[in-house]
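See below for the structure under consideration.
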Amino acid sequence: MSRSYRHIQEYEKEIMELRTDGKTSREICEIFGFTLRQYKNFITRYNRKQDKLSVGIISKRKGRPSKDYVVSEQDKVAELKYILARKEAKIKSLEMENELMRDFLSLTERK
């Protein structure tokens, strides 16, 4: 079945409806004219996106933002929380490393 090219993401709603109706991967591929590999890659990306959304991570558009792009306060807060969490994780890692070095030096009877 030949078709004009469209992104598989444009069929997201229809594909998910067919999955909930119990259609197999092959049947869905035959309906839309996709290969099984394209379908499996789409499902993997879709599941990963849903996992991130359930945790609260908002996906951002890739590339350079447009000129009229405005950063919301929520995005700024989320970015600052992420930066703080990374810094806290780095500090914790360094503290653990420091403790290991102290233990090593005390075991080798050095000060």
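Things to note:
- Answer from Ser106, Ser93 - the residue that is over 30 Å from Gln50 (Cβ atoms), open to solvent by less than 70 Å² (accessible area, probe 1.4 Å) and in a helix (DSSP H, G or I): Ser93
- When the range 56-78 is filtered for residues that are open to solvent by less than 100 Å² (accessible area, probe 1.4 Å) and either touching a Gly at 6+ places or on another chain (Cβ under 6 Å) or of a type outside the set (Lys, Arg) (or both), the ones remaining, listed by number, are Gly56, Ile57, Ser59, Gly63, Pro65, Ser66, Val71, Ser72, Asp75, Val77, Ala78.
- Applying the set (1) open to solvent by less than 100 Å² (accessible area, probe 1.4 Å); (2) farther than 26 Å from Tyr82 by Cβ; (3) not small (Gly, Ala, Ser) to Glu30 leaves exactly one unmet item: (1).
- Counting only helices (runs of 4 or more DSSP H) that sit wholly inside the range 9-86, those with at least 3 residues that are hydrophobic (A, V, I, L, M, F, W, C) and within 17 Å of the chain's Cα centre (by Cα) are 36-55.
- Residue list for the range 1-15, restricted to those being touching a residue at least 24 places away in the same chain (Cβ under 8 Å) and surrounded by 10 or more Cβ atoms within 10 Å (Cβ to Cβ): Ile8, Gln9, Glu12, Ile15
- Close contacts from the range 35-50, counting a first residue that is open to solvent by less than 70 Å² (accessible area, probe 1.4 Å) and a second that is polar (S, T, N, Q), with Cβ to Cβ under 7 Å and a gap of 6+ residues or different chains, come to Leu36/Ser25; Tyr39/Ser25.
The values are calculated or read from the model by the stated rules, or taken from the named source; none is laboratory data. Worth saying up front: this structure is predicted, and the values here are computed from it rather than measured. Every residue, glycine as well, gets a Cβ built from its backbone with ideal geometry; the counts of neighbours run over all protein chains shown. These area figures cover heavy atoms from the full protein model, side chains too; ligands, DNA and RNA do not enter into them. Shrake-Rupley method; radii C 1.70, N 1.55, O 1.52, S 1.80 Å.
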